[in-house]
1. Tell me, which strands (runs of 3 or more DSSP E) lie completely within the range 199-275 with 3 or more residues that are at pLDDT 90 or above and under 20 Å from Gln178 (Cα atoms)?
2. Hey, can you tell me all the residues within the range 61-81 that are touching a helix residue (DSSP H, G or I) at 6+ places or on another chain (Cβ under 7 Å) and either charged (D, E, K, R) or without any contact (Cβ under 8 Å) to a residue 40 or more places away in the chain (or both)?
3. Condition (residue is among the acidic types (Asp, Glu), surrounded by fewer than 17 Cβ atoms within 10 Å (Cβ to Cβ), in a loop (DSSP other than H, G, I, E, B) and touching a residue at least 40 places away in the same chain (Cβ under 8 Å)) applied to the range 4-16: is it met by at least one residue?
4. Can you find a residue in the range 90-97 that is more than 25 Å from Pro151 (Cα to Cα) and touching a Pro at 6+ places or on another chain (Cβ under 6 Å)?
5. Looking at Arg92, Arg32, which is the one that is assigned to a strand (DSSP E or B), among the charged types (D, E, K, R) and more than 26 Å from His228 (Cβ to Cβ)?
6. Taking Gly52, is it assigned to a loop (DSSP other than H, G, I, E, B) and either of a type outside the set (D, E, K, R) or at pLDDT 85 or above (or both)?
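The values are calculated or read from the model by the stated rules, or taken from the named source; none is laboratory data. It should be emphasised that the depicted structure is a prediction, and the values quoted were computed from it without experimental measurement. FYI the Cβ positions are ideal-geometry reconstructions off the backbone, even for glycines, and counts take in every protein chain you see.
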Amino acid sequence: MKDSLRELLRYLSAGEVPETLVLACDHSPLPRIPRRVCALHYDACWSGAPLGSLAQILALGVSQIAFVPCSRGEGLGRLLQLGDVVFPGRLRRWETTHQGRFAGKWVEVSQLGVSRRSFLGLSTTCALDLHANWQERSAQAFALLGVSEPPSDLPPAWTLQVGKCSVCGVCVAACPHQALSLTPDPEDADVLALTQDLARCEADGACLKLCPEHTLTAQGHPTWSQIHTGATQTLTEVKTKICPSCRSRFPATAGELCPLCAFRQDHPFGSLMPR
């Protein structure tokens, strides 16, 4: 559900934001609805939705979200119970009234097209940055709604720790979200710092899997306030020097040559590094 939510947010922000938004999932029937009621049929179940997704919808100006009960009622009940603590009075079950004309139409979120304003190149305003990832938008929404730290949901990002780092840069290249970087110290270019951008991390795990030293580990999650402020953390700082043979940088304590050149020097008839 998480980043497919972006199209729903874009759809809501392109027009007049409804006071009450009715949501149904694949496991719920689509009841008849009154005219002028904004009702969206989503292709995922809301019973297990993270609070960040709901916060993003409410941050656009929606006063209430009404959920059509589905076959996974226990999950929806827990969501509403938790939502009543975090967003009091703003989440409820949808109950069909017997007043008015039932001429409303359900909108399929999976089939939302480009809005008229976007097609004509007209500007649209949105309280959230729709170019940001899911957790960044959630952090923005919690801040707009005055929610400091939700009692249950944590950002999906990992807080990484590193042991003995060879500053090879494999983890930096492996991360598909550019959450890791190797940068020289402004006062000493021979010192390289491995830094993690917490807001960009989406717990993909590629850095942990591909680290040749197997030194990266995930140690919990950051807070929403850290995501909102764009906090970074320095994982390690390593004093380096340039290999006189291949001109690559490597830890200064590793010897005269980088590990690869040292291996080639010791094994001139075989240049494959041992595993």
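1. Values: elements: 216-218, 232-242, 249-251.
It comes to 216-218, 232-242.
2. Those that are touching a helix residue (DSSP H, G or I) at 6+ places or on another chain (Cβ under 7 Å) and either charged (D, E, K, R) or without any contact (Cβ under 8 Å) to a residue 40 or more places away in the chain (or both): Arg72, Gly75, Leu76, Leu79.
3. Taking the range 4-16 first, the residues among the acidic types (Asp, Glu) are 7, 16.
Those still in the list that are surrounded by fewer than 17 Cβ atoms within 10 Å (Cβ to Cβ) too: 7, 16.
From what's left, in a loop (DSSP other than H, G, I, E, B): 16.
In the following step, the residues that additionally are touching a residue at least 40 places away in the same chain (Cβ under 8 Å) were identified as none.
Scanning the range 4-16 turns up no residue that is among the acidic types (Asp, Glu), surrounded by fewer than 17 Cβ atoms within 10 Å (Cβ to Cβ), in a loop (DSSP other than H, G, I, E, B) and touching a residue at least 40 places away in the same chain (Cβ under 8 Å).
4. yes
5. On the way: Arg32 fails: assigned to a strand (DSSP E or B).
Result of the check over Arg92, Arg32: Arg92.
6. On the way: assigned to a loop (DSSP other than H, G, I, E, B): no; either of a type outside the set (D, E, K, R) or at pLDDT 85 or above (or both): yes.
Here the answer is no, as Gly52 does not meet what is asked.
Condition check ((1) out of contact with any Asp or Glu (no Cβ under 8 Å at 6 or more places or on another chain); (2) at pLDDT below 90) across all residues:
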site: Gln64; (1), (2): no, no
site: Leu91; (1), (2): no, no
site: Trp94; (1), (2): yes, no
site: Lys105; (1), (2): yes, yes
site: Ser115; (1), (2): yes, yes
site: Leu120; (1), (2): yes, yes
site: Asn133; (1), (2): no, no
site: Leu144; (1), (2): yes, no
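Results for (1) surrounded by 18 or more Cβ atoms within 10 Å (Cβ to Cβ); (2) in contact with a Phe, Trp or Tyr (Cβ under 9 Å, 6 or more places away or on another chain), shown as yes or no for each residue.
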{"site": "Asp26", "(1), (2)": "no, yes"}
{"site": "Pro31", "(1), (2)": "no, yes"}
{"site": "Gly48", "(1), (2)": "no, no"}
{"site": "Ala59", "(1), (2)": "yes, yes"}
{"site": "Leu76", "(1), (2)": "yes, yes"}
